[in-house]
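Asks: Okay, handing you the structure first.
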Amino acid sequence: MAKMTLEDLRKLRESKQDALRKRDVEGKDCQVIVGMGTCGIAAGAKVVLDAFLSELEAKGIENVSVTQTGCMGLCHVEPTVEVIVPGMPDVIYGNVDAKVVKQIVADHIIGKKLVSEHVFDKPAADILKKD
Amino acid sequence: MAFRNYILVCGGTGCESSRSEEIYQNLIKECEAQGVKDEVQVIKTGCFGFCEQGPIVKILPEDAFYVKVKPEDAKELVAEHIIKGREVTRLLYDKNQSKRNTKVEDIQFYQKQFRIVLRNCGKIDPENIDEYIARDGYEALEKALFEMTPEQIVDELKTAGLRGRGGAGFPTWMKWNFTKSSPGEIKYVVCNADEGDPGAYMDRSTLEGDPHSVLEAMTICGKAIGAHQGFIYIRAEYPLAIHRLEVAMKQSREYGLLGKDILGSGFDFDIEIRLGAGAFVCGEETALLQSIEGHRGMPQPRPPFPAVKGLWGKPTCINNVETFANVAVIINKGGNWFNKIGTDDSHGTKVFALTGKIANSGLVEVPMGTTLREIVFDIGGGIANGKKFKAVQTGGPSGGVITEENLDTPIDFGGLIKIGSMMGSGGMIVMDEDDCIVDVAKFYLNFSVDESCGKCAPCRIGGRSLLHILDKITCGNGTLEDIDTIHKIAHAMQKGALCALGQTTPNPVLSGLRYFPEEYRAHIVDKKCPAGKCKKLITYVIDPAKCIGCTACARKCPVGAISGERKQPHKINTAACIKCGACYATCKFGAISIH
């Protein structure tokens, strides 16, 4: 790169800041957890994970961390995604694809509304002890 | 597309010597082999500070903290963590913590720390200037070049109350101000990276993990004092730090952040590296300047101070690495922000290299005023192997011991001097009950005598005489008059030596005498070494009542000094015994004791 002026430096900082902020763990209060067991991957969880990353980037949302987990036990409705947003119930969505991802981001994460047709509860959540 | 995972691998010297480079390469290979190379970024960062547990690999965004990783683990980390989203429990620092709870902040080692100097270490790739810039890098330089006058820069440091982190604690703003107001067209900025205390590696880690923070600060200093050339004096034994500095300087020049007309401001500044051969005395500023000029590294009488007459007779501002690493943050956040951290006597934080008989050895940065107890027991996890705490040596060979009774003293420049030690550059060596205070003093004295440049008599002759006396004492030939002689020699050295090396050489002996007089008496009067360290003063004895005749000790003894029948109590021939302690370590029945 050629020598920079003050303007160039500021521009570079801004663009790189966004990239680095994605790495930050702090300040991310929402979580999207994609079930990526063998069943999930076979059903297309990989596409879902990528879709979340690009959708969040496109919408400029920065407080959401996208992570993955193993099989959640809902193999019949894979791919499954757990979404945790403060002030809302923790929800597991089933039969998620790239289209549903857009819906989840728009309605659940931004609009704070559940995407009802895809909600699945945690299996046997009622008999698990709450602590 | 955005990366979905970031793998941070520690690239500090400590972890690199435990094959972290191989881990880094293997992770890249595995990401490629398992088809996720476009989704995962593998980054080599600076020291995480938690060296005891190295090599360290951190995976984001899960914030999984993997410790003691081996190159062979790369495959499993990628296959399990990245592909399947399952943490590799056996490598996690806290294996009992469930997923999503293994936050780095929860690790006790990091809880009481506050990072200014090490703000970027373990977070960014030190060989990528963009990452430094993204974390507010070179923003302070912008301010200094375009918005501030030299006076304002110096004033900001004055408000901050930053004191030199090299050991003496001289107010940094005064140094800058002296050099600034010294007449002369040509002036120099020098960074002292000649870290020499045994067990200290704060500066090395800062340079390895965040080289730009020092380059930026030196340029700001250049603007403040009116210098256009800087030198970094670093020892040749720090190849990785030198390499990272060279890479950083090259990138800075390409970006126009070093060199002519920086950022179009019209200000020129460039930096060169000067390698030292590793002489301890070259950490002394006048000796350091001699060495840069190509002379033998020997201290010069002061005044004139370097701020008036330094490198090639020109006004020169010398600061240590850690001091510089604070500057950009102070300019960015303001002196008033910095001023509120720490104590009235010392502001900001201090980095310590915690080593010795401590459970979590590593690099820690704490606000000034933190007590030694917090550092040793909360952050350091206490003494390794359940032994009893004895003392901490701060200030390296120039400092002294801090004992149990002073553990609650808040650590700052003034506080440590009051209890007979000193801040030094930040080495902190923890001793347990097995360490002999006379032996430790002898070790440091040996170091200082070796490193004395020999120019002035008090240091050259005084140091050797002290060492001779300690030798006598540890061999059981000491007399009580020797204690008086020690005090006399020490006094002469403190008054007469030319530089700090000679003046502080007696410190470890004096502080040992002050806090452990009974241990010196035991060596001199009773001819005993209570810690069992001084070989001439101990004998190993087998208790016939406890010995079951397993023959383990006899087989271990390298000189065949142990005899006895099977299933019969054994005996040590003290005349043949070389006191290596192998039998003592071998016996499972506690039958061998030290007298």
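Asks: Only one of (1) more than 8 Å from chain B (Cβ to nearest Cβ); (2) open to solvent by 60 Å² or more (accessible area, probe 1.4 Å) fails for residue A:57. Which number is that?
Replies: The number of the failed condition is (1).
Asks: Go through B:200, B:236 for me and flag whichever is without any contact (Cβ under 8 Å) to a residue 60 or more places away in the chain and either touching a Ser or Thr at 6+ places or on another chain (Cβ under 6 Å) or of a type in the set (A, V, I, L, M) (or both). Give the steps one after another, and end with the answer.
Replies: Working: B:200 fails: without any contact (Cβ under 8 Å) to a residue 60 or more places away in the chain.
Every option except B:236 fails the conditions.
Asks: Return the residues of the stretch B:529-553 that are under 28 Å from residue B:438 (Cβ atoms) and open to solvent by 80 Å² or more (accessible area, probe 1.4 Å); say none if nothing qualifies.
Replies: Selection gives B:530, B:533, B:535, B:536.
Asks: Let me ask something else. Among the residues of the stretch B:113-136 satisfying the criterion of being open to solvent by 50 Å² or more (accessible area, probe 1.4 Å) and within 9 Å of another protein chain (Cβ to nearest Cβ), which is farthest from residue B:332 (Cα to Cα)?
Replies: Among residues in the stretch B:113-136 that are open to solvent by 50 Å² or more (accessible area, probe 1.4 Å) and within 9 Å of another protein chain (Cβ to nearest Cβ), the one farthest from residue B:332 (Cα to Cα) is B:123.
Asks: Right, something else. Exactly one condition in (1) in contact with a Pro (Cβ under 8 Å, 6 or more places away or on another chain); (2) within 11 Å of chain A (Cβ to nearest Cβ) is not met by residue B:146; state its number.
Replies: (1)
Asks: Looking at (1) within 14 Å of another protein chain (Cβ to nearest Cβ); (2) surrounded by fewer than 24 Cβ atoms within 10 Å (Cβ to Cβ); (3) in contact with a helix residue (DSSP H, G or I) (Cβ under 9 Å, 6 or more places away or on another chain), which is the only condition residue B:45 fails?
Replies: So residue B:45 meets the others, but not (2).
Asks: Hey, another quick one. With (1) surrounded by fewer than 18 Cβ atoms within 10 Å (Cβ to Cβ); (2) modelled with pLDDT of 85 or more; (3) of a type in the set (Phe, Trp, Tyr) as the list, and residue A:93 as the residue in question, which single condition is left unmet?
Replies: (1)
Asks: Name the residues in the stretch B:11-55 that are out of contact with any strand residue (DSSP E or B) (no Cβ under 7 Å at 6 or more places or on another chain), within 15 Å of residue B:126 (Cα to Cα) and assigned to a loop (DSSP other than H, G, I, E, B), would you?
Replies: B:12, B:46
Asks: If you don't mind, there's one more thing I want to ask. Going by what's in this entry, would residue A:65 be described as within 22 Å of residue B:38 (Cβ to Cβ), among the hydroxyl-bearing types (Ser, Thr, Tyr), facing chain B (nearest Cβ under 10 Å) and in a strand (DSSP E or B)? First the steps, then the outcome.
Replies: Working: within 22 Å of residue B:38 (Cβ to Cβ): yes; among the hydroxyl-bearing types (Ser, Thr, Tyr): yes; facing chain B (nearest Cβ under 10 Å): yes; in a strand (DSSP E or B): yes.
In short, yes.
Asks: Further question on the same structure: Being open to solvent by 30 Å² or more (accessible area, probe 1.4 Å) and closer than 16 Å to residue B:85 by Cα: is that true of residue A:111 here? Full working, then the answer.
Replies: Details: open to solvent by 30 Å² or more (accessible area, probe 1.4 Å): yes; closer than 16 Å to residue B:85 by Cα: no.
Considered against the rule, which asks whether it is open to solvent by 30 Å² or more (accessible area, probe 1.4 Å) and closer than 16 Å to residue B:85 by Cα, residue A:111 comes out as no.
Asks: Counting only residues that are under 22 Å from the mean Cα position of the chain (by Cα), among the aliphatic types (A, V, I, L, M) and surrounded by fewer than 20 Cβ atoms within 10 Å (Cβ to Cβ), which one in the stretch B:242-278 is nearest to the other protein chains (Cβ to nearest Cβ)?
Replies: Applying the filter and picking the extreme gives B:273.
Asks: Test of understanding: among A:3, A:11, which residue is at the interface with chain B (Cβ under 9 Å from one of its Cβ atoms), more than 19 Å from the chain's Cα centre (by Cα) and surrounded by fewer than 21 Cβ atoms within 10 Å (Cβ to Cβ)? Quick ask: steps written out before the conclusion?
Replies: Numbers: A:11 fails: at the interface with chain B (Cβ under 9 Å from one of its Cβ atoms).
Of A:3, A:11, the one residue that is at the interface with chain B (Cβ under 9 Å from one of its Cβ atoms), more than 19 Å from the chain's Cα centre (by Cα) and surrounded by fewer than 21 Cβ atoms within 10 Å (Cβ to Cβ) is A:3.
Asks: Please determine whether any residue of the stretch B:171-184 is under 26 Å from residue B:242 (Cβ atoms), at pLDDT below 95 and open to solvent by less than 10 Å² (accessible area, probe 1.4 Å).
Replies: Among the residues of the stretch B:171-184, not one is under 26 Å from residue B:242 (Cβ atoms), at pLDDT below 95 and open to solvent by less than 10 Å² (accessible area, probe 1.4 Å), which makes the answer no.
Asks: Here is a follow-up. Looking only at the stretch A:38-50, count how many residues are within 12 Å of another protein chain (Cβ to nearest Cβ), surrounded by 22 or more Cβ atoms within 10 Å (Cβ to Cβ) and in contact (Cβ under 8 Å) with a residue 24 or more places away in the chain.
Replies: Counting residues in the stretch A:38-50 that are within 12 Å of another protein chain (Cβ to nearest Cβ), surrounded by 22 or more Cβ atoms within 10 Å (Cβ to Cβ) and in contact (Cβ under 8 Å) with a residue 24 or more places away in the chain gives 3.
Asks: Kindly indicate whether any position in the stretch B:137-160 is basic (Lys, Arg) and either buried (at least 19 other Cβ atoms within 10 Å of the Cβ) or free of Cβ contacts under 8 Å to residues at least 12 places away in the same chain (or both).
Replies: Filtering the stretch B:137-160 for residues basic (Lys, Arg) gives B:143, B:158.
Going one step further and asking which of them are either buried (at least 19 other Cβ atoms within 10 Å of the Cβ) or free of Cβ contacts under 8 Å to residues at least 12 places away in the same chain (or both), we end up with none.
There is no residue in the stretch B:137-160 that is basic (Lys, Arg) and either buried (at least 19 other Cβ atoms within 10 Å of the Cβ) or free of Cβ contacts under 8 Å to residues at least 12 places away in the same chain (or both).
Asks: Right, next: Of everything in the stretch B:403-451, what is in contact (Cβ under 8 Å) with a residue 60 or more places away in the chain and of a type in the set (Val, Ile, Thr)? Give them in sequence order.
Replies: B:403, B:411, B:429, B:430, B:437, B:438, B:440
Asks: Let me ask something else. Given the structure, is residue B:376 closer than 24 Å to residue B:50 by Cβ, in a helix (DSSP H, G or I) and without any contact (Cβ under 8 Å) to a residue 60 or more places away in the chain? Before the answer, list the steps.
Replies: Values: closer than 24 Å to residue B:50 by Cβ: yes; in a helix (DSSP H, G or I): yes; without any contact (Cβ under 8 Å) to a residue 60 or more places away in the chain: yes.
Considered against the rule, which asks whether it is closer than 24 Å to residue B:50 by Cβ, in a helix (DSSP H, G or I) and without any contact (Cβ under 8 Å) to a residue 60 or more places away in the chain, residue B:376 comes out as yes.
Asks: Sticking with this structure for a sec: Taking interchain pairs and intrachain pairs at least six residues apart, which have beta carbon atoms under 6 angstrom, with the first residue in the stretch B:1-25 and away from chain A (no Cβ under 14 Å) and farther than 18 Å from residue B:363 by Cα and the second part of a strand (DSSP E or B) and open to solvent by less than 50 Å² (accessible area, probe 1.4 Å)?
Replies: Every condition considered, the pairs that remain are B:23/B:9; B:24/B:9; B:24/B:44.
Asks: For the stretch B:169-207, enumerate the residues that are under 30 Å from residue B:52 (Cβ atoms), small (Gly, Ala, Ser) and part of a loop (DSSP other than H, G, I, E, B).
Replies: Pass one, the stretch B:169-207, residues under 30 Å from residue B:52 (Cβ atoms): B:169, B:191-207.
Subsequent filtering for residues that are small (Gly, Ala, Ser) retains B:169, B:193, B:196, B:199-200, B:205.
B:169, B:196, B:199, B:200 - these are the residues of the stretch B:169-207 that are under 30 Å from residue B:52 (Cβ atoms), small (Gly, Ala, Ser) and part of a loop (DSSP other than H, G, I, E, B).
Asks: Residue by residue through the stretch B:332-368, note down the ones that are out of contact with any Lys or Arg (no Cβ under 8 Å at 6 or more places or on another chain), surrounded by fewer than 19 Cβ atoms within 10 Å (Cβ to Cβ) and within 28 Å of residue B:154 (Cα to Cα).
Replies: B:333, B:334, B:336, B:337, B:339, B:340, B:341, B:343, B:344, B:345 - these are the residues of the stretch B:332-368 that are out of contact with any Lys or Arg (no Cβ under 8 Å at 6 or more places or on another chain), surrounded by fewer than 19 Cβ atoms within 10 Å (Cβ to Cβ) and within 28 Å of residue B:154 (Cα to Cα).
Asks: Could we say that residue B:322 is charged (D, E, K, R) and open to solvent by less than 10 Å² (accessible area, probe 1.4 Å) here? Walk me through it before giving the result.
Replies: Numbers: charged (D, E, K, R): yes; open to solvent by less than 10 Å² (accessible area, probe 1.4 Å): yes.
Taking the combined requirement at face value, the residue satisfies it.
Asks: Also, I was wondering about something else. Of B:60, B:77, which residue is farther than 30 Å from residue B:356 by Cβ, touching a residue at least 60 places away in the same chain (Cβ under 8 Å) and either surrounded by 19 or more Cβ atoms within 10 Å (Cβ to Cβ) or of a type in the set (A, V, I, L, M, F, W, C) (or both)?
Replies: Working: B:60 fails: touching a residue at least 60 places away in the same chain (Cβ under 8 Å).
Result of the check over B:60, B:77: B:77.
Asks: Do we have any residue at all in the stretch B:342-350 that's at pLDDT 90 or above, within 21 Å of residue B:437 (Cα to Cα), assigned to a strand (DSSP E or B) and touching a strand residue (DSSP E or B) at 6+ places or on another chain (Cβ under 8 Å)?
Replies: No.
Asks: Checking residue A:16 against (1) facing chain B (nearest Cβ under 9 Å); (2) in a helix (DSSP H, G or I); (3) out of contact with any strand residue (DSSP E or B) (no Cβ under 7 Å at 6 or more places or on another chain); (4) open to solvent by less than 50 Å² (accessible area, probe 1.4 Å), which single condition isn't satisfied?
Replies: Evaluating residue A:16 over (1) facing chain B (nearest Cβ under 9 Å); (2) in a helix (DSSP H, G or I); (3) out of contact with any strand residue (DSSP E or B) (no Cβ under 7 Å at 6 or more places or on another chain); (4) open to solvent by less than 50 Å² (accessible area, probe 1.4 Å) leaves (4) as the failure.
Asks: Considering the stretch B:556-570 alone, what residues qualify as being part of a loop (DSSP other than H, G, I, E, B) and either touching a helix residue (DSSP H, G or I) at 6+ places or on another chain (Cβ under 7 Å) or open to solvent by 90 Å² or more (accessible area, probe 1.4 Å) (or both)? Spell out how you get there, then give the answer.
Replies: Initial filter on the stretch B:556-570 (part of a loop (DSSP other than H, G, I, E, B)): B:557-561, B:564-570.
Once the filter is applied, which keeps residues that are part of a loop (DSSP other than H, G, I, E, B) and either touching a helix residue (DSSP H, G or I) at 6+ places or on another chain (Cβ under 7 Å) or open to solvent by 90 Å² or more (accessible area, probe 1.4 Å) (or both), the stretch B:556-570 yields B:557, B:558, B:564, B:565, B:566, B:567, B:568, B:570.
The values are calculated or read from the model by the stated rules, or taken from the named source; none is laboratory data. On a predicted model such as this, the values are computed, not experimentally measured, just so you know. So basically every Cβ, Gly included, is an ideal-geometry build from the backbone, and we count neighbours across all protein chains shown. Surface areas here come from the heavy atoms of the whole protein model, side chains and all, with no ligands, DNA or RNA. Shrake-Rupley method; radii C 1.70, N 1.55, O 1.52, S 1.80 Å.
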